[in-house]
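Chemist: One structure, as structure tokens, below. Some questions next.
The values are calculated or read from the model by the stated rules, or taken from the named source; none is laboratory data. Computed from a predicted model, the values in this text were never measured in an experiment. Here Cβ is always computed from backbone atoms with ideal geometry, including for glycine, and neighbour counts include all displayed protein chains.
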Amino acid sequence: MTVIQKKSENPIAHLSAEDIEILGKELDTIRQEIRDSLGEDDAKYIRRVIDVQRKLELGSRAALLVSMFPPAWFVGTVGLSVAKILENMEIGHNILHGQWDWMRDPKIHSTTWEWDMASPAEQWKHSHNELHHTYTNVIGKDNDLGYGIMRVDEDQKWHPMYLAQPLWNFLNACFFEYGIAAYDLELGKNLATKKRRANPEFRADARNVLKKIRKQATKDYLVHPVLSGPSFLPTLAANFTANVVRNLWSHSVIMCGHFPEGVETFEKTSIEGETRGEWYLRQMLGSANISGSKAMHIMTGNLSHQVEHHLFPDLPSNRYAEIAPKVKDIFDRYGLTYHSAPLYKQVASAWHKVIRLSLPNGWLAETTPKNAPAQVIKLVRMTTGGKKVRRELSRAAA
Amino acid sequence: MTTTVPRPTTARPRIALRDRVLKLAELVTTPLLPTDYLDLIDPLRSGADLRGRIEAVLPETRDAATVVIRPGRGWQGHTPGQYIRIGIDVDGVRQWRAYSLTSDRTRTDGCIAITVKAIPGGKVSNHLVHRTTPGTIVQLDQAAGEFVLPAQLPAKALFLTAGSGITPVMGMLRNHPELTDVVLVHSAPTAEDVVFGAELRAMAADGRIRLVEQHTDTAGMLDAPAIAALVPDLHERATWACGPVGMLEALEEHWESAGLDSRLYTERFRPTVLVTGEGGTVSFTRNGTTLEADGATPILDAAEDAGVLMPSGCRMGICYGCVLPLREGAVRDLRNGEITTAAPGDGVLIQTCVSAAAGACDIDH
């Protein structure tokens, strides 16, 4: 992948500035139709999901009180994992987007909601709603691309440390909520210099994150195990498992949103003076969907409709499915590619990209069973050699 | 000067224990609160936000109904004549309105009642009168309002009401049978439109009140001199008036010119029609800044230009980083022209980056 501006075949070259503005108007119309039709059924939907989630969590935690019995452990762990996924995805993420603010219910509102996640809602709203959704897939502006720890684009210079990126990505997936918290804090950048470390704003944010983590950990790894008495250890293990399952799941879903092959990235300079139509277009090109059943959509918090979500981040998630055919139609009419595939395909595609970019440009594509030994030798030389060796070898490859 | 050290009360250790239990419960439920789970079981329990369950909707006239509500345990009771603010979801959106309490406080079932007249185009009043079903949970505020009888009841009373203005007065009449020398002058379009018509006529037949019904469709409106002619001992009577603003102003003027203004108590129902236009005066209540904004500039931009430090984010209406409570006024969504209004006491959250003033606005910031 390469930023869209440097591609030999620009997928939007056929669109005039006027086309893009008309496209924007069409999307505005879709948004307005949904806004106008929001009502009691939508309100009932989110209240029902919240109700089911809370009861499922209560039931699962109750089962885990006797988790020394394997069936109770199993049922409780599965239930808690599902409850945690629902809480983060269909409920927390979407409420914090302001999707349900129109109900004017202070209990279900982006300004009052807090979620079961290491990152406090306030900080996450800034880094996610403001940065990621405004600057979607703009290299250097949207940290969701690789979370600042990965090589996400051919244009980023390769370095041997990227060889470990599949491992980083897997570890990030297991402990995703902490990864998100670190990334919301811009930990890498803020720890880098003494001045930044001493910045009172950063210190206050960091304190809030630590406080939140402490509360979350106390709940899952101390209070509930203690309440389980003789089932202390099995409950601890169950809660840990549920958190890891939730983390792996949400990481996979989110990786599918912007990382599969074919999703475009953009240059920083390209968004200067961007119109609303151009913003819409960037969202269309920068997102990918997951196809699947209704249950699948709910479990992904309807991020399976990532394209629709990025076009209309504040429309209630239960409406994305109905918007999708209309959006697809716009893609077709304007000659754009609507990326959608089942979960396993999108996950595989995203992982393929992670692995491909962990290696020098072109290495994976050039490698065949025949030339494998030579390729490995080249990789070892590039890894152990200095900058100069790398430059020479990569130039030779190109 | 002497001071006394407050004695430790027996209640203190109990409170401390309750607090400790609550703290522990919070450790279990974080990031939610224990109340979030308890609300699933009993939304009306003590300690919960004040709510009520609608038990019945009883039609009074073709466009008015009495809504019987079982209030939560935190309900502190009311004085007849007072109103409550009720928050009800209409088409999924929480709307708050104030209605007078009309119930008899000696009801044995512990319920309270409000009486609502559906006004043309009224979102909430029509919903309450025509579409609400028993079992609905509503949000409540404690009773409020100064339109009440004094502790020392007047020997002679006069009530001047029009339309739904009868509702607080009915609350008084039902709860004060000891009030015996009462004249009630009530205006309504026709005899069928008189809310509580049958009950009022029965009270009149029993000799409890003297009832003067003015049916304005046929007989026109009563002005102050006409009322004075109808009630010759008007100057001896403490008077409570409730009805349209125009009527109240005329009455106040008349009572004042007669030197009787200390004996007149009035209640204005909030005018529901808000004048909206292009632009308006925007005041930031906590910050103290007031500015004139036009109808095309986002409030966020106008405020920043005026030097107000505003929360902001994407500036295109997607991130909700800029929302602030609109306490009173009207704003227009610049993306689609939609008008959002807030009545005093509301706190409708608006996205300042895509909202322009559509009238005077009070913003809590």
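Chemist: State whether one or more residues within the stretch B:212-223 are within 30 Å of B:Ala343 (Cα to Cα) and surrounded by 21 or more Cβ atoms within 10 Å (Cβ to Cβ).
Modeler: No - not one qualifying residue is present in the stretch B:212-223.
Chemist: Kindly indicate which of A:Trp113, A:Trp73 is among the aromatic types (Phe, Trp, Tyr), over 29 Å from A:Lys268 (Cβ atoms) and within 11 Å of chain B (Cβ to nearest Cβ). Reasoning before the result, please.
Modeler: Values: A:Trp73 fails: within 11 Å of chain B (Cβ to nearest Cβ).
None of the other options fit; the residue is A:Trp113.
Chemist: Considering each residue of the stretch B:274-333, count those that are under 19 Å from A:Trp102 (Cβ atoms) and without any contact (Cβ under 8 Å) to a residue 12 or more places away in the chain, and give that number.
Modeler: 3
Chemist: Tell me which helices (runs of 4 or more DSSP H) are completely within the stretch B:151-230 and hold 1 or more residues being at pLDDT below 95, or say none if there are none. Show your work before the answer.
Modeler: Values: elements: B:166-175, B:197-205, B:216-219, B:224-230.
Of the helices (runs of 4 or more DSSP H) lying wholly inside the stretch B:151-230, those with at least 1 residues that are at pLDDT below 95 span B:216-219, B:224-230.
Chemist: In the stretch A:108-162, which residue that is β-branched (Val, Ile, Thr) and within 25 Å of A:Val49 (Cβ to Cβ) is surrounded by the fewest Cβ atoms within 10 Å (Cβ to Cβ)? Walk me through it before giving the result.
Modeler: Filtering the stretch A:108-162 down to residues β-branched (Val, Ile, Thr) leaves A:108, A:111-112, A:134, A:136, A:138-139, A:149, A:152.
Pick out the ones that are also within 25 Å of A:Val49 (Cβ to Cβ) and you get A:108, A:111-112.
Values: A:Ile108: 19, A:Thr111: 16, A:Thr112: 12.
Once the filter is applied, the top-ranked residue is A:Thr112.
Chemist: Further question on the same structure: When you go through A:Leu86, A:Leu96 one by one, which is the residue that is within 16 Å of the chain's Cα centre (by Cα), closer than 23 Å to A:Ala173 by Cα and within 9 Å of another protein chain (Cβ to nearest Cβ)?
Modeler: Working: A:Leu86 fails: within 9 Å of another protein chain (Cβ to nearest Cβ).
One residue alone meets the criteria, A:Leu96.
Chemist: Just to confirm my filter: which helices (runs of 4 or more DSSP H) fall fully inside the stretch A:311-398 and include at least 3 residues that are in contact (Cβ under 8 Å) with a residue 12 or more places away in the chain and hydrophobic (A, V, I, L, M, F, W, C)?
Modeler: On the way: elements: A:320-333, A:343-358, A:363-366, A:372-384, A:387-397.
Answer list for the stretch A:311-398: A:320-333, A:343-358.
Chemist: Hey, does the stretch B:238-251 have a residue that's assigned to a loop (DSSP other than H, G, I, E, B) and either over 28 Å from the mean Cα position of the chain (by Cα) or at pLDDT 95 or above (or both)?
Modeler: Of the residues in the stretch B:238-251, the ones assigned to a loop (DSSP other than H, G, I, E, B) are B:244.
Filter once more, keeping what is either over 28 Å from the mean Cα position of the chain (by Cα) or at pLDDT 95 or above (or both): none.
Taking every residue of the stretch B:238-251 in turn, none turns out to be assigned to a loop (DSSP other than H, G, I, E, B) and either over 28 Å from the mean Cα position of the chain (by Cα) or at pLDDT 95 or above (or both).
Chemist: Further, regarding this structure: Give the residue, chosen from A:Glu33, A:Glu40, that is over 30 Å from A:Leu80 (Cβ atoms), of a type outside the set (S, T, N, Q), without any contact (Cβ under 8 Å) to a residue 24 or more places away in the chain and facing chain B (nearest Cβ under 10 Å).
Modeler: Going through A:Glu33, A:Glu40 in turn, the sole match is A:Glu40.
Chemist: Do we find a residue being of a type outside the set (Lys, Arg), surrounded by 15 or more Cβ atoms within 10 Å (Cβ to Cβ) and touching a Pro at 6+ places or on another chain (Cβ under 6 Å) anywhere in the stretch A:40-50? Spell out the reasoning first.
Modeler: So the first thing to find is which residues in the stretch A:40-50 are of a type outside the set (Lys, Arg), and the list is A:40-43, A:45-46, A:49-50.
After this cut, where a residue has to be surrounded by 15 or more Cβ atoms within 10 Å (Cβ to Cβ) as well, the list is A:42-43, A:45-46, A:49-50.
Pick out the ones that are also touching a Pro at 6+ places or on another chain (Cβ under 6 Å) and you get A:42.
Yes, some residue in the stretch A:40-50 is of a type outside the set (Lys, Arg), surrounded by 15 or more Cβ atoms within 10 Å (Cβ to Cβ) and touching a Pro at 6+ places or on another chain (Cβ under 6 Å).
Chemist: Can you tell me which residues in the stretch A:120-155 are over 14 Å from the mean Cα position of the chain (by Cα), more than 11 Å from chain B (Cβ to nearest Cβ) and either at pLDDT 90 or above or not in a loop (DSSP other than H, G, I, E, B) (or both)?
Modeler: Of everything in the stretch A:120-155, those that are over 14 Å from the mean Cα position of the chain (by Cα), more than 11 Å from chain B (Cβ to nearest Cβ) and either at pLDDT 90 or above or not in a loop (DSSP other than H, G, I, E, B) (or both) turn out to be A:Gln123, A:Val138.
Chemist: What's the number of the only condition in (1) without any contact (Cβ under 8 Å) to a residue 12 or more places away in the chain; (2) surrounded by 15 or more Cβ atoms within 10 Å (Cβ to Cβ) that A:Gly59 fails to meet?
Modeler: (1)
Chemist: Take the residues in the stretch B:318-361 that are surrounded by fewer than 22 Cβ atoms within 10 Å (Cβ to Cβ) and at positive phi; name whichever of them is nearest to the other protein chains (Cβ to nearest Cβ).
Modeler: So, considering only residues that are surrounded by fewer than 22 Cβ atoms within 10 Å (Cβ to Cβ) and at positive phi, the one nearest to the other protein chains (Cβ to nearest Cβ) is B:Gly337.
So that you can scan it fast, the table gives a plain yes or no per residue for (1) within 20 Å of A:Thr134 (Cα to Cα); (2) in contact with a Gly (Cβ under 7 Å, 6 or more places away or on another chain); (3) part of a helix (DSSP H, G or I); (4) not aromatic (Phe, Trp, Tyr):
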| site | (1), (2), (3), (4) |
| --- | --- |
| A:Ala204 | no, no, yes, yes |
| A:Leu210 | no, no, yes, yes |
| A:Lys215 | no, no, yes, yes |
| A:Asp220 | no, no, yes, yes |
| A:Phe240 | no, no, yes, no |
| A:Ser252 | no, no, yes, yes |
| A:Ser270 | yes, no, yes, yes |
| A:Trp279 | yes, no, yes, no |
| A:His297 | no, no, yes, yes |
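Chemist: Could you count how many residues in the stretch A:336-355 are surrounded by fewer than 19 Cβ atoms within 10 Å (Cβ to Cβ) and either in contact with a His (Cβ under 6 Å, 6 or more places away or on another chain) or of a type in the set (D, E, K, R) (or both)?
Modeler: Going through the stretch A:336-355 one residue at a time, the tally reaches 1.
Chemist: How about the stretch B:331-354: which of its residues are assigned to a strand (DSSP E or B), over 16 Å from A:Gln32 (Cβ atoms) and over 19 Å from the mean Cα position of the chain (by Cα)? Before the answer, list the steps.
Modeler: To start, the set of residues in the stretch B:331-354 that are assigned to a strand (DSSP E or B) comprises B:331-333, B:339-342, B:348-351.
Adding the requirement that they be over 16 Å from A:Gln32 (Cβ atoms) leaves B:331, B:341-342, B:348-350.
Listed by number, the residues that qualify are B:Val331, B:Leu349, B:Ile350.
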